[in-house]
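Note sheet for the following structure.
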Amino acid sequence: MDCFDEFTDKESVSRILKNKAKEILKNLILELKNITKEVNSPEGLLTIVKDINLTVEQGKPISLVGPSGSGKTTLLAIMAGLDLPTLGTVNLLGSEITTLDEDKRAQIRGQDVGFVFQSFHLMPRLTALDNVMLPLEILGDPHSMDKAQEALEQVGLSNREKHFAAQLSGGEKQRVAIARSIVNKPKILFADEPTGNLDKKSSDSISDLLFSLNEIIQTTLVLVTHDLFLAGKCKEVYELSEGQIL
Amino acid sequence: MRRGLIYGLKKFWSEVFSGDLLILFFSIVLAVTSISSVGFLGDRLQSSMQMQASTMLGADLVLRSTSQIDPEFLAKAKASNLNYAETTTFLSMVITEDDNLLTSIKAVTESYPLRGKLKVVNANGIQIQHSGAPPSGKIWIEKKISESLGLNQLDTLSIGNKNLIVEGIIEDYPDRNSSFVGFYPTAIANIADVEEMGVIQTGSRVVYRKLFSGTKNNLNSFEDSLKELPSDIRLQKAIDVSSDLGEDIANSTIFFNLASLFTIIISVIAAMMAVRRYANRNLLHTSLMKVFGASKPFIFGHQIMQLTLIVISASIFGLILGYSLQHLLLSTLQGIIIIDLPSPSLRPVIIGFTTAAFVVFATTAPYIKILSETEPIRILRNDFAIRLSSNFIIYLVAFFTMFGFLGVLFQDIKLIFYIVMALILVTFTLYLIGKLLIYVLSLIKFSNGTGWNLGLKNIVQRGNDSILQIIIFGLSLLFLVVLAETRTDLVDSWGETLEEDTPNYFLFNIQEYNLNTISDYLEDEAGIIPDFTPLIRGRLLSASRPESDVNFDNLMDREANLTWRYDIPQSNTLVDGTWWTNPDKVAEVSVDQEIAASMNLEVGDELNFSAGGKTFSVTVSSFREIEWQSFSPNFFFILSPAAGRELPNSYITSIKIEDSEKLMNKFITRFPTISAVNLEAIIDQAKKSISSASLAVQYIFLLTLIAGILALIASIYSNRDQRTKETAIIHAIGASRAMIFKSAASEFFILGMLSAITAIIFSTLLSSIIFYQFLDLIYSPNLIILGLSFLLAIGFIFFAGVISVRKSVYASPMITLRDS
């Protein structure tokens, strides 16, 4: 019986551990293992990020902070599959994207990933609505216009649908960019210095919007910033210095 | 890919009207307009010339002989399903009760003419509804005969033993110049009456013609069956005649082709600059699409769809414009083309689309590759610069594909070769000049910070962009200047062919005893001292080459008008051999170079002639090029005085008479035996042709000029975004508007001046090649055109450049920077 009990206990512990691991794995949306990025420069080989290990759980916003040149943006690009590391692996949404070619990575980004950039990167020749429709049009979504209108409504810009980028303020441009990033209901949303080009008032408004949308659409926010106040709103904060997490 | 294609389709018009693709669109429109207008025109002119040529022959194919033609040819024509007609032409006196007149009698079968229109009217001017021959016993006469002999409709005249009733007046008939009797008035009779006339005797001068028409294949099969024609039968085809027609059209066609080629090249340059700007601006869009999940095939599909739609829409637009322009050209060429033209074929349409596709391929291929391979990481790096150096191979492929296509299109490898060489040479020179300029300017220390200095510094700072602009300005100007020079010299050379003192009358049948009387009369009445030229009616019997066995048989036994003289006529140029070695002692002959070539003659050959009842031999001493447009008496064969002086001859002269009708009426009354031929109608026709062709050339040149201006604008605007941003920055940090304007002015002045100087220098080189090799004209630099081109080019680049920065100078720097 002891043996049985012992066996039962061991089995149950093992099962519990396995389930726990499965649960953790199931909740993991992003996993970085031993990520190193090196580039050639006029001064020789330059290491931008070095041996980074990081996991992001679904629904838990994280932020990467650090001074300029610490490797935050490079790490974000590697996490999102916009760039490849020199060493290490990235598992994004269950796919090891470091083994995939650019088109396969693009497919994953198109379906489940959203982006917000410091420079907004709105297409100057497109209206606000057309800008928001862009990711859905690439996917061939027949309801792209309805969804884009809904997204603009979510960011409070339904009255600016027909405006071009040049007719919007900085804060409004970033709202359009946020609407564009959430229009495909992404599982993960990468934001690179989303308030970096904005004044205090717009900055507060944008950060509130980002975090509220994060909850509404149940996405996972990965934020790169050197605004510690903004970073502090995330559940986990990683600090980078000279390419390494402190 | 499919999604990319659909996306490209949806976004096409918004992309085009956003501006980036507009210059590309219009470049292609211009290229297609140019090539299709020339194509439509050429296509229809060719058909027109074929029709005119057939009209001149009265058939598609003619067998001509001075003796009866064997009926076996008729059987062969029937076997080939050809239509058939026959004419017999001879000179005979037309006799009335009171008078008579030497007339060219054209006896025809009822199926005459096979091509062209015969127009015969009655006394009331109403067209008589007849087939091609008058009924037996009736005759049609030209107005000149009815006037000379006082004949009216239904009057009777006689030719030989046959009395004929005048049924109508001939207003027009084809094959007017088909025989030696072209100068005499014509009467058309039924061929069935010839025998009864009894005027054709052994030794009579008669031209027998058998006329055939039919489909191209049937004509070819008939021609194949004629391989071994007897030496006395000559085969005449419409296609051969057409090559001799319309030198003005031929010359203008060369110019049209040249202008069209240059327009395409300049359009390619404009398109290249437009595509460069489009690609630069589109890199953000493409990177963003990649970030949002667009694959390489998606981007590729998007680009391909947009470019395909540009090719289709610009081609349609260009073809419509091309067709309209062709109509305009045809209306200006009406003086030359007198026949209703057939509809154009589909060939120009196909050429238009193909040209558009090649222009787009040549200009966009490198950028499509760059855009489809764009890395999405550029978005995070804010890196939207295009580096073309790694795509040099694609540029080379595009360059040679384009010129390969142009070689096929214009079917003139030599011309394309010269153009490619000029392009490479000029590009390389402009590159070196640009490099040197930047090096020299970089050595200068600009310390006082004026607007002019700032502009010069900008040239250095823009580096390769500045060099590229010098190259583009230079190449566009090169082709424009070459075409401007070609246009001007061509039009001038046409104008020179008909000078003010061009004779308007030929007088012939002048006997020696009349020379002084006529000379005195013309001097007294009109102040003219005529230059009489001896005219000897002869026949070329045979030719031989000393110590050689060359067979000239099939070219011999032809009618020949001969003359003799000491000096070479003013309108002739010696092209081979020497003028008389000893004019009074040695019997020699000088031959027209074209006749000599057709007879395979060489200097030193012996020619045997018969004239005035005797036969004689002369040695070919030289060949001459004859300027036929001089309207002076010109001869295929000119004898040395030793050979010709003793032969019986009459005289011929050409004179220029003001108020000609009044004077010539008096002259004919005074000298009834002299034949006078009025050339005014021919001269007027030639003048009309020249002015029509000149006007058509102006229209085509205008098209090239527009393409050139578009290329210059495209080049100026190619780096406008960067310039606008820089302007806003220096404006924001305190530079005044005047300073910014001066900066742009000095920059564009230097760039414009260097490219204009280089373009002008190289244009003289390229023009001389084109003049010498393709237009058969002597080139002498036209200093007015060159000087004017130089000033206009600098002026245009200068003002367009300054205007291009105007908007950013007057806008708020803050807004400009925020928008950029």
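Could we say that A:LYS162 is more than 11 Å from chain B (Cβ to nearest Cβ) and not in a helix (DSSP H, G or I) here? Steps first, answer last, please.
Details: more than 11 Å from chain B (Cβ to nearest Cβ): yes; not in a helix (DSSP H, G or I): yes.
Considered against the rule, which asks whether it is more than 11 Å from chain B (Cβ to nearest Cβ) and not in a helix (DSSP H, G or I), A:LYS162 comes out as yes.
Rundown of residues vs (1) assigned to a loop (DSSP other than H, G, I, E, B); (2) among the polar types (S, T, N, Q); (3) farther than 28 Å from B:ALA294 by Cβ, yes/no style:
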{"site": "A:PRO142", "(1), (2), (3)": "yes, no, no"}
{"site": "A:PHE190", "(1), (2), (3)": "no, no, no"}
{"site": "A:PRO194", "(1), (2), (3)": "yes, no, no"}
{"site": "A:ASN214", "(1), (2), (3)": "no, yes, no"}
{"site": "A:LEU221", "(1), (2), (3)": "no, no, no"}
Checklist entry - How many of the residues making up region A:105-129 are surrounded by fewer than 23 Cβ atoms within 10 Å (Cβ to Cβ), part of a loop (DSSP other than H, G, I, E, B) and more than 7 Å from chain B (Cβ to nearest Cβ)? => result 4
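One residue is enough: does region B:741-764 have a residue meeting the conditions polar (S, T, N, Q) and surrounded by fewer than 20 Cβ atoms within 10 Å (Cβ to Cβ)? Quick ask: steps written out before the conclusion?
Initial filter on region B:741-764 (polar (S, T, N, Q)): B:743, B:746, B:755, B:758, B:763-764.
The next check asks that each one be surrounded by fewer than 20 Cβ atoms within 10 Å (Cβ to Cβ); those that pass are B:764.
Yes, the conditions are met somewhere in region B:741-764.
Filter region B:502-518 for residues that are surrounded by fewer than 17 Cβ atoms within 10 Å (Cβ to Cβ) and either in a strand (DSSP E or B) or of a type in the set (S, T, N, Q) (or both) and give the result.
Looking only at region B:502-518, we keep the residues that are surrounded by fewer than 17 Cβ atoms within 10 Å (Cβ to Cβ), and these are B:509, B:511-513, B:515-517.
Of everything in region B:502-518, those that are surrounded by fewer than 17 Cβ atoms within 10 Å (Cβ to Cβ) and either in a strand (DSSP E or B) or of a type in the set (S, T, N, Q) (or both) turn out to be B:ASN509, B:GLN511, B:ASN516, B:THR517.
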Checklist outcome for this item: Only one of B:PRO648, B:PRO633 is under 16 Å from B:ALA560 (Cα atoms), in the same structural domain as B:TRP580 (by TED's automatic domain parsing), in contact with a Gly (Cβ under 7 Å, 6 or more places away or on another chain) and not aliphatic (A, V, I, L, M), namely B:PRO648
Next on the checklist: For region A:130-148, give me each residue that is away from every other protein chain (no Cβ under 12 Å) and crowded, with 17+ Cβ neighbours inside 10 Å.
Outcome noted: A:LYS147, A:ALA148
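Right, A:SER241: of a type in the set (S, T, N, Q) and either modelled with pLDDT under 85 or surrounded by 20 or more Cβ atoms within 10 Å (Cβ to Cβ) (or both) or not? Break it down stepwise before answering.
Values: of a type in the set (S, T, N, Q): yes; either modelled with pLDDT under 85 or surrounded by 20 or more Cβ atoms within 10 Å (Cβ to Cβ) (or both): no.
No.
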Next on the checklist: Considering only residues that are more than 20 Å from A:SER207 (Cα to Cα) and aliphatic (A, V, I, L, M), which ones fall in region A:129-162?
Outcome noted: A:LEU129, A:MET133, A:LEU134, A:LEU136, A:ILE138, A:LEU139, A:MET145, A:ALA148
Next on the checklist: Looking only at region A:68-81, filter to residues that are outside any helix (DSSP H, G or I) and under 11 Å from the mean Cα position of the chain (by Cα); which one of those is nearest to B:THR374 (Cα to Cα)?
Outcome noted: A:GLY81
Checklist entry - How about region B:704-820: which helices (runs of 4 or more DSSP H) wholly inside it have at least 3 residues that are more than 14 Å from chain A (Cβ to nearest Cβ) and free of Cβ contacts under 8 Å to residues at least 40 places away in the same chain? => result B:737-770, B:783-810
Checklist entry - A:THR89 versus (1) free of Cβ contacts under 8 Å to residues at least 40 places away in the same chain; (2) more than 14 Å from chain B (Cβ to nearest Cβ): which is the lone unmet condition? => result (1)
Next on the checklist: Where the second residue is crowded, with 24+ Cβ neighbours inside 10 Å and of a type in the set (Gly, Ala, Ser) and the first is within 11 Å of chain A (Cβ to nearest Cβ) and assigned to a helix (DSSP H, G or I) and lies in region B:275-289, which pairs have Cβ atoms under 8 Å and are six or more apart or on separate chains?
Outcome noted: B:THR286/B:ALA294
Item to check | Selected residue [part of a helix (DSSP H, G or I), more than 30 Å from B:SER34 (Cβ to Cβ) and either among the aliphatic types (A, V, I, L, M) or at pLDDT below 80 (or both)] from B:ILE682, B:ILE690, B:ILE638, B:ILE700 | outcome: B:ILE682
Checklist entry - Which members of region B:290-302 meet the condition of being surrounded by fewer than 24 Cβ atoms within 10 Å (Cβ to Cβ), facing another protein chain (nearest Cβ under 7 Å) and in a helix (DSSP H, G or I)? => result B:LYS296
Item to check | Leading residue by the ranking (nearest to the other protein chains (Cβ to nearest Cβ)) among those in region A:165-187 that are in contact with a helix residue (DSSP H, G or I) (Cβ under 7 Å, 6 or more places away or on another chain) and of a type in the set (A, V, I, L, M) | outcome: A:ALA166
Checklist entry - Limited to region A:39-62, what total is found for residues that are assigned to a strand (DSSP E or B) and more than 22 Å from the chain's Cα centre (by Cα)? => result 7
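I'd like the residue in region A:82-94 that is on the phi > 0 side of the Ramachandran plot and in a loop (DSSP other than H, G, I, E, B) and, out of all such residues, is surrounded by the fewest Cβ atoms within 10 Å (Cβ to Cβ).
Residues of region A:82-94 on the phi > 0 side of the Ramachandran plot: A:88, A:93-94.
In the following step, the residues that additionally are in a loop (DSSP other than H, G, I, E, B) were identified as A:93-94.
Values: A:LEU93: 19, A:GLY94: 13.
Among them, the one singled out is A:GLY94.
The values are calculated or read from the model by the stated rules, or taken from the named source; none is laboratory data. In this text, all values refer to a predicted model and were calculated from it rather than measured experimentally. Glycine gets a Cβ as well: all are built from the backbone with ideal geometry, and neighbour counts include every protein chain shown.
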